[in-house]
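Below is one structure, written out as structure tokens; comments come after it.
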Amino acid sequence: MIGAGLPVGHKPYFIFLALLAMLLALPVSSAEVEGVRLWRAPDHTRLVFDLDGPAEHKLFTLKNPDRVVIDVSGASLSSAVDNLPLADTPIAGVRHATKNKRDLRVVLDLKQPVNPRSFALRRHEALPDRLVIDLHDRDKVEEKTIEQVQVSGKKDIVIAIDAGHGGEDPGALGPGGLREKDVVLAISKYLQKSIDSKPGFSAKLVRTGDYYIPLRERVKKGRQMRADLFVSIHADAFTRKDARGAGVYAVSSRGATSETARFLAQRENESDLIGGAGDLSLSDKDDTLAGVLLDLAMTATMNASLDIGTSVLSSLGSFTHLHKKKVEQANFSVLRNPDVPSILVETGFITNPQEARRLRDPMFQRRMAEKLSEGIVAHFTSRPPAGSWLAANADRIDRKHTISRGDTLSGIAARYNISVADLKKANGMRTSMIRVGQTLTIPPG
């Protein structure tokens with residue numbers, strides 16, 4: 001027996017050694033990989049490992065042939081990796097084995113070299129601990145600033161359409177497995193088609209498929225597109241199932257205008273924790289983010305966002321129930337753009353069973369997109385930016401205005417800087433009676 005026959009004062013030391021030996025003999029605590037998923041984006045591939053607990057990992061690359069190797073300390077793999085959709089990715093195959101009788105080694109055999117990046121995400125609400133591997137394509141030419149489309153020597157008005165969530169982040173969930181990310185991408189594509197059909201306008205999708213883009217990157221893409229408007233499309237949830245109606249939001253440098261606005265902003269701002277943005281630190285030297293933080297208080301951009309939001313809300317009000325009859329404000333991260341007017345549109349509450357049925361319907365999705373387009377086009381037609389095709393042809397364009405609750409004929413005339421008489425003449429009106437949902441032609445001012 002260790003320490004037997006030794007003086008009493010020496011026994012605690014040997015007891016400590018014995019306990020230490022017993023601890024070293026215990027098996028190392030392990031994490032289990034319970035699921036593996038893969039997402040393809042235009043410029044990178046994302047591999048996500050779901051873990052039942054946190055685990056350390058190392059990543060390195062090998063050449064001849066090209067491989068990415070991931071070692072996960074004390075982990076085992078219980079999920080199949082044979083059925084991952086590798087067809088349109090740089091990954092030719094996935095292999096795994098146990099290293100040193102305790103660590104999981106995963107090898108990604110590559111079709112071409114990539115720039116890999118990895119990070120861990122801790123458990124968040126219903127989501128488990130995750131290990132995220134991003135493989136950035138090397139053969140993609142770095143995205144340059146997208147020049148605005150020219151029409152007869154004048155620029156188009158560019159609308160950046162941001163479909164919320166995507167990929168690892170499904171967004172809010174509705175009855176029957178309805179996912180926000182699918183609904184808003186469908187509406188965004190309809191919106192792009194509707195805006196592109198209007199002369200003098202060009203629409204660009206920030207997210208074109210089922211993959212996640214970090215919130216800061218969405219803001220950056222809007223600026224790279226040199227957008228005249230950034231519109232983020234959502235169909236969110238609330239704590240009460242009876243919450244319903246569409247809404248339009250702009251950023252606020254102060255508090256939220258309602259409890260709903262505060263709740264939705266907090267939920268949307270957590271999106272990076274769910275979708276996986278990696279480094280969430282604001283201490284880096286990203287010029288775009290620095291500009292956003294410094295210029296957040298730019299009142300001109302915020303006022304423009306409110307004006308556009310009002311036009312969009314008016315158009316939506318002629319088609320669907322509104323959650324609030326004014327543009328609300330909250331501190332949405334995705335709207336923090338210093339020089340691009342930005343709005344966030346809630347197309348309805350996916351947690352409301354009646355609205356979920358409508359949001360699932362392609363006919364409703366297309367009609368929603370058309371009304372969004374009408375509101376956007378109406379604003380820029382009444383206030384065309386200098387140097388745009390719309391400004392150059394303002395005296396030849398008939399504009400449209402959809403009547404919403406609270407509108408008056410004199411108010412509409414004042415908004416478009418025309419007389420009530422000219423407005424009535426352009427629409428063949430004998431009286432000043434108007435009705436909600438009615439569309440008026442606005443003659444050139």
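Values for this structure:
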| read-out | value |
| --- | --- |
| ILE434 accessible area, assembled protein chains, probe 1.4 Å, Å² | 40 Å² |
| For THR439, residues with placed amide H under 5 Å, excluding near neighbours | ILE403 |
| Anisotropy class of segment 320-385 from Cα gyration tensor, a/c 1.5 cut | oblate |
| Alpha-carbon radius of gyration plus Dmax, which is the widest Cα pair, for segment 83-241 in Å | 19.7, 69 |
| Unsatisfied cross-links (Cα-Cα over 25 Å) in the set LYS325/LYS371; LYS189/LYS241; LYS181/LYS241; LYS241/LYS324 | LYS189/LYS241 |
| Radius of gyration, Dmax [segment 90-134; alpha carbons; angstrom] | 13.4, 37 |
| Over segment 305-417, equivalent-ellipsoid semi-axes from the Cα gyration tensor in Å | 26, 18, 14 |
| Segments 191-204, 330-343, 157-170, 402-415 sorted - mean Cβ within 10 Å per residue, highest first | 157-170, 330-343, 191-204, 402-415 |
| Reachable lysines, given that their alpha-carbon falls under 18 Å from the alpha-carbon of LYS99 and they are not under 8 places away in the same chain | LYS58 |
| Segment 353-419 - Kirkwood radius from inverse mean 1/r over Cα pairs (Å) | 14.2 Å |
| Sequence ranges 425-432, 316-323, 367-374, ranked by mean other-Cβ count within 10 angstrom, highest first | 367-374, 316-323, 425-432 |
| For segment 178-228, radius of gyration divided by Kirkwood radius, i.e. Rg to Rh on alpha-carbons | 0.99 |
| Cut-off under 5 Å, modelled amide H: who pairs with LEU322 long-range | ALA246 |
| Extension reserve of the ARG415-ILE434 stretch, reckoned as 0.36 nm per residue once the Cα distance is removed | 5.2 nm |
| Rounded Å value of the spacing that divides the Cα centres of segment 375-445 and segment 202-234 | 29 Å |
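The values are calculated or read from the model by the stated rules, or taken from the named source; none is laboratory data. Just so you know, these numbers come straight off a predicted model, no measurement behind them. Note: ideal-geometry Cβ built from the backbone for every residue, glycine included; neighbour counts use all protein chains shown. With ligands, DNA and RNA removed, areas are computed over all heavy atoms of the protein, side chains included. Shrake-Rupley method; radii C 1.70, N 1.55, O 1.52, S 1.80 Å.
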